[in-house]
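Engineer: First, the structure itself, so that you have it in front of you.
The values are calculated or read from the model by the stated rules, or taken from the named source; none is laboratory data. Since this is a predicted model, take the numbers as computed values, not measurements. Glycine also receives a Cβ, built like all others from the backbone with ideal geometry; neighbour counts cover every protein chain displayed.
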Amino acid sequence: MIRVYNTLSKSKEPFEPVTPGEVGIYLCGPTVYKPSHIGHMVGPVIFDTVKRYLAYNGFDVTWVVNITDVDDKLIVRSGELGISMADLAAKMTGDYLHCLELMGVDTIDHRPRATDHMDEIIRFTSELVEKGFAYESEGDVYFEVGKDSEYGKLTNRSADEMQGEGGGTAGRKRAAADFALWKSSKPGEPSWESPWGPGRPGWHIECSAMSRRILGKTFDIHGGGLDLTFPHHENEIAQSESCHGRPMAKYWMHNGLMQASSEVGKVGGRPTRSAELSQEEQEAGKLKGSDGAQSFLELLGQNNLDPETVRFFLLSTHYRRPIDFSVERIREVGSGLETFYRFFKRFQRITGRSVYDISPPSTREEGELTPGDDPLLGTVATHRTRFLDAMDDDFNTGGAVGSLFELVRALNKYCDGEKLEEGKPPGEKLDALTAGATTLRELAAILGVFRKPPQEASGADDEVLGKLMELVIEIRAESRKKKDFATADKIRDGLTDIGITLEDRPGGTDWTLG
């Protein structure tokens, strides 16, 4: 059974959807005023994987990621650039969606924009006013926190710890903790007509309104970064549950934040911190666009990083832990992935078939193995079980990644032990190897990796490099034939130092870069 850590209850709970067989997920998306950075990719990659796993387990999943395209930050930034808020939002939304595409996040069902749901936002605000939970003041509308006896239940904050918006709006509120549902517009600012005059919505009401329209008054999973628990998610709960008299979401899932770090850690599921950091500690070290975090596209381009490697990096840690970010750590992950890429090449040499042409099982039941007395399939089944056990335990992708590495090592060990690259292997050996590769593809598909071959280098420079490596490998082979092992080792070690790995096999020597 799948268990999920619920931030609301501070415990792991059995996953039982509101409607049997169906799952609704809402993930808070970005405020699109600047290009996306790597921190913006964390939540989407995690919840893309969560959706894949739930679908793999037979659930019909609807996943929503909103776009905040009206906000004070957008207004300020558009003024700095001398363009309209709508044009800035459209450009930055395009950037965000392009980054998601690169990262293989393609299971989102709805991407609602706040400006497209203004009628629902105004309707929701009006309902709160009519029910006595909100009040109008000089063209603004505020939620009255004192009317909600359960306010603060997500983060367990006391009334003294709740902070209002302050500034020029403080005098309009009945209490400092009251927060804006609707803001009156200043001259020249974007605005929409409402019962309280021209204005724009507050941040929190946008998500309450859009989630209700698409997923209903109560849905299954509400996700977001740990930094959104207060005030954003706390205020969403207050708005929605006061309006409807029922829970907004059954499970609240929060991912850890991206931390700047120079630490390089082992790939395969080992966390880089000995314990989880508190929310305050994570927020203090969080990578933020407002602090000049490099745009995601620049990060990829300037460091020649493959998006699949970055996705694997993000999933190598349990989602609730902080993620230690550095280019060095991502490169370390890339080195680890070479284990898989080398196996894929090996599989093709042995079977004459590409791993990427295998159609893996799409459900848990379809992937069940019957090992019999075959030792390889018994080992494969064991690693598959460990992978699924990790995912069942609060979507522990870090543990699942570790099991995936163990699986590919077992497949390589089988190839070595059975000498599958020497001569023509018997059919039953090829069948066992293919079954193991199929399971690897099945599990990798849950993580959203190895969906297509990595981009091969191309161009004149790469052609020259290929021919040069053929010559170097030939010289090394001649040295070994003459028993000049010192020269052969010097060639191999020198290539390793510059990032080129040689792999000797019965049929010759392969090389990989990176």
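Engineer: Does D95 satisfy the condition of being assigned by TED's automatic domain parsing to the domain that holds G199 and surrounded by fewer than 17 Cβ atoms within 10 Å (Cβ to Cβ)? It would help to see each step written out before you state the result.
Structural biologist: On the way: assigned by TED's automatic domain parsing to the domain that holds G199: yes; surrounded by fewer than 17 Cβ atoms within 10 Å (Cβ to Cβ): no.
No: the conditions fail for D95.
Engineer: Output the residues belonging to segment 119-157 that are small (G, A, S) and outside any helix (DSSP H, G or I).
Structural biologist: Just the residues of segment 119-157 that are small (G, A, S), to begin with: 126, 132, 134, 137, 139, 146, 149, 152.
If the condition is that a residue be small (G, A, S) and outside any helix (DSSP H, G or I), then G132, A134, S137, G139, S149, G152 are the ones that fit.
Engineer: Out of all the residues in segment 49-70, which are of a type in the set (A, V, I, L, M, F, W, C), closer than 13 Å to D220 by Cβ and surrounded by 20 or more Cβ atoms within 10 Å (Cβ to Cβ)?
Structural biologist: Keep residues of segment 49-70 that are of a type in the set (A, V, I, L, M, F, W, C), which gives 50, 54-55, 59, 61, 63-65, 67, 70.
Next, from what is left, pick out any that are closer than 13 Å to D220 by Cβ: 50, 54, 59, 61, 63-64.
Matches in segment 49-70: V50, L54, V61, W63, V64.
Engineer: A follow-up question, please. Which residue out of P187, P195 is surrounded by fewer than 19 Cβ atoms within 10 Å (Cβ to Cβ) and at pLDDT 95 or above? Write out each step before concluding.
Structural biologist: Numbers: P187 fails: at pLDDT 95 or above.
Of P187, P195, the one residue that is surrounded by fewer than 19 Cβ atoms within 10 Å (Cβ to Cβ) and at pLDDT 95 or above is P195.
Engineer: Looking only at segment 49-68, decide whether some residue is under 21 Å from S208 (Cα atoms), among the aromatic types (F, W, Y), in contact with a Ser or Thr (Cβ under 8 Å, 6 or more places away or on another chain) and at pLDDT 95 or above.
Structural biologist: Yes.
Engineer: Residues being over 19 Å from the mean Cα position of the chain (by Cα) and of a type in the set (A, V, I, L, M, F, W, C): count how many of those fall in segment 317-368.
Structural biologist: Matching residues across segment 317-368 total 7.
Engineer: Further question on the same structure: Could you tell me whether E165 is crowded, with 17+ Cβ neighbours inside 10 Å and modelled with pLDDT under 95?
Structural biologist: On the way: crowded, with 17+ Cβ neighbours inside 10 Å: yes; modelled with pLDDT under 95: yes.
In short, yes.
Engineer: Now, a different point. Residues G104, G21, G43: which one is crowded, with 22+ Cβ neighbours inside 10 Å, of a type in the set (G, A, S) and either within 17 Å of E206 (Cα to Cα) or at pLDDT 95 or above (or both)? Before you say what the answer is, go through the steps one by one.
Structural biologist: Details: G104 fails: crowded, with 22+ Cβ neighbours inside 10 Å; G21 fails: crowded, with 22+ Cβ neighbours inside 10 Å.
Criteria check complete, one pass: G43.
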